[in-house]
Amino acid sequence: MDSKISLSWIIILVMLLLVGCFNVTKEQTMSEEVINKGGRNAEIKQGEFDIEYCYWTDASRRNVFSTYDNYIQKDLVDAGIAKEEWHISYGDLKELENIVRDYKLGEYNEKVMSEGVMEPIEEFYIIFSIDGEDYLIKGDETIFEGRAKNKENENFCKALEKLEYVFKNQETYENMPKSEGGYE
């Protein structure tokens with residue numbers, strides 16, 4: 001009798017574990033795909049703030065700022081890409097965290113863009129970890145088209161501009177080679 005009860009408990013536990021292992025949503029799968037494309041390999045440091053911002057015109061030559069993996073990658077257009085090790089200062093990292101908190105970026109849907117007639121040329125994603133949670137926001141430059149019409153778009157555009165300002169004013173980025181040529 002005891003062996004039947006023990007076997008029943010084992011079967012129940014195995015079933016619960018299997019349900020938990022296979023309960024992956026489409027959004028989680030899509031998020032993992034974007035994260036993998038961005039090159040994020042580091043484990044998330046629970047309770048700490050980390051961020052990766054990636055934007056591109058040509059998906060094979062992405063611009064990446066990653067505090068997860070401590071590097072900046074820059075699209076040099078006709079000259080290929082450059083990648084440098086980067087260690088953001090504590091003050092700049094806190095500034096990025098404050099932007100994420102002040103503009104409540106964790107409340108945005110996974111995808112942000114306007115529904116306009118503009119054909120997107122540049123796409124982006126932002127991955128960040130804050131308060132032990134991970135967030136992913138994807139979008140394209142059409143978000144700027146609708147900023148005047150929509151308060152949420154306006155808020156997001158301001159946050160994105162502030163994030164970009166901090167990223168592009170990093171000494172590592174400023175010392176990287178200049179881009180050559182341009183996209184048509």
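So the values come out like this:
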item	result
Amide H contacts of Glu48 (H built 1.01 Å from N, under 5 Å, at least 5 apart or other chain)	Gly132
Table column - 3J(HN,Hα) (Hz), region 162-174, Karplus curve with 6.51, -1.76, 1.60, x for Gly and Pro	5, 4, 4, 4, 5, 4, 6, 9, 6, 4, 4, 5, 4
Under 14 Å, Cβ to Cβ, from Lys74 - net charge with Lys/Arg +1 and Asp/Glu -1	-4
Of Lys138/Lys162; Lys74/Lys151; Lys104/Lys158; Lys104/Lys138; Lys104/Lys149; Lys158/Lys178, pairs whose Cα-Cα distance is over 23 Å	Lys74/Lys151; Lys158/Lys178
Inverse mean reciprocal Cα-Cα distance (Kirkwood Rh) of region 139-184, Å	12.6
Segment Tyr183-Lys158, length gained on full extension (0.36 nm per residue, minus Cα span)	6.5 nm
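No value in this document is a laboratory result; all are computed from the given coordinates. Since the model is a prediction, treat every value here as computed from it, not as a measurement. When we count neighbours, we look across all protein chains shown, and the Cβ atoms used for this are built from the backbone with ideal geometry, even at glycine.
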